[in-house]
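> Handing you a structure now.
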Amino acid sequence: MDTVHARFKEKIGEVLLPGDVFSFRLPEDGEGDANIKTEKIICGPGLRRNGEEVQVCKSGILRHKQPNLYWIDSQQRRYVPAKGESVIGIVIAKSGDIFKVDVGGSEQASLSYLAFEGATKRNRPNVQVGDLVYSQFTIANKDMEPELVCIDSCGRANGMGVFGAEGLLFKVSLGLVRRLLAPQSEIVKDLEKIFPFELVVGMNGRVWVKAKTVQQTLIVANLLETCENMTSQQRQTLFRRVAEGSL
Amino acid sequence: MSPMKLCVPGFKDSFGEPCPPPPGARALLSYTPALKHTHICERLCSTEDCIPGTGTDLRHGYIFATLAGYVLRKNEGEELPVISVVRETEAQLLPDVGAIVTCKVTSINPRFAKVHILYVGSTPLKDRFRGTIRREDVRATEKDKVETYKSFRPGDIVLAKVISLGDVQSNYLLTTAENELGVVVAHSEAGAQMVPISWCEMQCPRTHAKEFRKVARVQPEYLQA
């Protein structure tokens, strides 16, 4: 009996609201027991199990990935820190042995002086207030202040650290950020054809762009902001128009 | 105008008399017919009659009061009775070094967890004392690999042992580095009370999600079905 998968499948691609319920109550009669196969379903973000029901807690579209992963794709702009995610932070203050970094969450995160590659107690990293930092969360939960590091577990920087001497930092929704960070992102590939630029994407919805001239930087920033609500065809026509216009 | 007399609890002043109570002390006391009230520095009796208890001090062969309150005389067997001064009629039980206390976690930090001490042994406390459980005192083994977030969460009820009373500014120092100490009652993120599965995991009965805690091994006779 594929009731569980069937119930989910009929809603894939549909918009669901918080409070919608999928209930899987087993039939009362004795015959039903023989036919029931136990199926395993993984509830991703936006879905929560409550006894015999699965409840939706975020509004969005139900997505499915083989073999048994279901989740809600929501357009959210507010970032909630999660462990292991790489984000762009802005250094707000230096206090004692740590920097206070704004990551767009409810609390400021702390970044230790020693969490940079090659940093020792005598050799302090060159970080000023107002710098942009690309770093990863080591501690991020609702009970404690989040902590960031700019090195990985081996002690190497791995692309993290202070950056952004010039360029433009702007904010987009989290859904667009996930699309940009996907392995074969079409948006990035299409943008590359227009002109070369540097791009840093943080999972907290912050994107930093730098191109050869200020005008090109602004064009790339505007294109990324408008891509959010476009289908891929609309996007490609827009990019083609811009490429012809700029060349 | 009489000259100001130096009054230090327990010492006689320059006149050879026990120091008078500080002005206004008498106004704070209330009379009860059952217990005799006393004020600070009052000479109670000599050492030959009684043994000094809490709230008293022994000087020059006499017992002096160090607290303003009520005098209690207790007869304990064949020895001399114990004389003590208490602020209230019921003695306040203070957590002592080595006592098992029940406390509630109020906040956590990568380095320590702050708790409110609720019970000492099985006696509830009237005031909430503050305690700290440091990261290295959570477990007996692998102390440097302890993560506070995987041992306690705010709102957990924890059994701990007092290792130090601390000084004026710091709180009681507690430890859970034994099998019988640790989290007893915890609520999951869904709000249901969790069931312990092992010494480091608890499971929520509603969502079946497992969470990490430093779980106490409670003796079976103390568990209620």
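> I'm checking my understanding of the structure. Among residues of region B:141-159 that are open to solvent by 40 Å² or more (accessible area, probe 1.4 Å), more than 18 Å from B:Leu118 (Cα to Cα) and part of a loop (DSSP other than H, G, I, E, B), which one is nearest to the other protein chains (Cβ to nearest Cβ)?
This residue is B:Glu147.
> Let me ask something additional. Determine, yes or no, whether A:Asp102 is modelled with pLDDT of 90 or more and acidic (Asp, Glu).
Numbers: modelled with pLDDT of 90 or more: yes; acidic (Asp, Glu): yes.
Spelling it out, A:Asp102 is indeed modelled with pLDDT of 90 or more and acidic (Asp, Glu).
> Select the strands (runs of 3 or more DSSP E) contained entirely in region A:131-247, then report the ones holding at least 1 residues which are more than 14 Å from chain B (Cβ to nearest Cβ) and either free of Cβ contacts under 8 Å to residues at least 12 places away in the same chain or surrounded by fewer than 16 Cβ atoms within 10 Å (Cβ to Cβ) (or both).
A:168-171, A:197-201
> Let me ask something additional. What about B:Ser170, is it out of contact with any Leu (no Cβ under 9 Å at 6 or more places or on another chain) and under 16 Å from B:Ser107 (Cβ atoms)?
Yes: the conditions hold for B:Ser170.
> Can you name the residue in region B:210-225 that is surrounded by 16 or more Cβ atoms within 10 Å (Cβ to Cβ) and among the aliphatic types (A, V, I, L, M) and is also nearest to the other protein chains (Cβ to nearest Cβ) among such residues?
Filtering first and then ranking leaves B:Val215.
> Test of understanding: among B:Val97, B:Val162, B:Val138, B:Val82, which residue is more than 14 Å from chain A (Cβ to nearest Cβ) and under 18 Å from A:Met144 (Cβ atoms)? Outline the logic, then answer.
Working: B:Val97 fails: under 18 Å from A:Met144 (Cβ atoms); B:Val162 fails: under 18 Å from A:Met144 (Cβ atoms); B:Val82 fails: under 18 Å from A:Met144 (Cβ atoms).
From the options B:Val97, B:Val162, B:Val138, B:Val82, the qualifying one is B:Val138.
> Go through region A:75-111 and give me each residue that's within 24 Å of the chain's Cα centre (by Cα), small (Gly, Ala, Ser) and surrounded by fewer than 17 Cβ atoms within 10 Å (Cβ to Cβ).
A:Ala82, A:Gly84, A:Ser106
> Take region B:166-194 and flag every residue that is part of a strand (DSSP E or B), loosely packed, with under 13 Cβ neighbours inside 10 Å and aliphatic (A, V, I, L, M). Steps first, answer last, please.
To start, the set of residues in region B:166-194 that are part of a strand (DSSP E or B) comprises B:172-175, B:182-185, B:187, B:193.
Next, from what is left, pick out any that are loosely packed, with under 13 Cβ neighbours inside 10 Å: B:193.
The answer is none; no residue qualifies.
> Answer yes if at least one residue in region B:113-120 is more than 14 Å from every other protein chain (Cβ to nearest Cβ), touching a helix residue (DSSP H, G or I) at 6+ places or on another chain (Cβ under 9 Å) and crowded, with 21+ Cβ neighbours inside 10 Å, and no otherwise.
no
> Can I ask one more? So, A:Lys142, is that one within 30 Å of B:Glu189 (Cα to Cα), of a type outside the set (Val, Ile, Thr) and modelled with pLDDT under 90 or not?
yes
The values are calculated or read from the model by the stated rules, or taken from the named source; none is laboratory data. As the structure is a prediction and not an experimental result, all values here were calculated from the model. Positions of Cβ are backbone-derived with ideal geometry, glycine not excepted, and every protein chain shown enters the neighbour counts. Note: accessible area is taken over every heavy atom of the protein model, side chains too, but ligands, DNA and RNA are not part of it. Shrake-Rupley method; radii C 1.70, N 1.55, O 1.52, S 1.80 Å.
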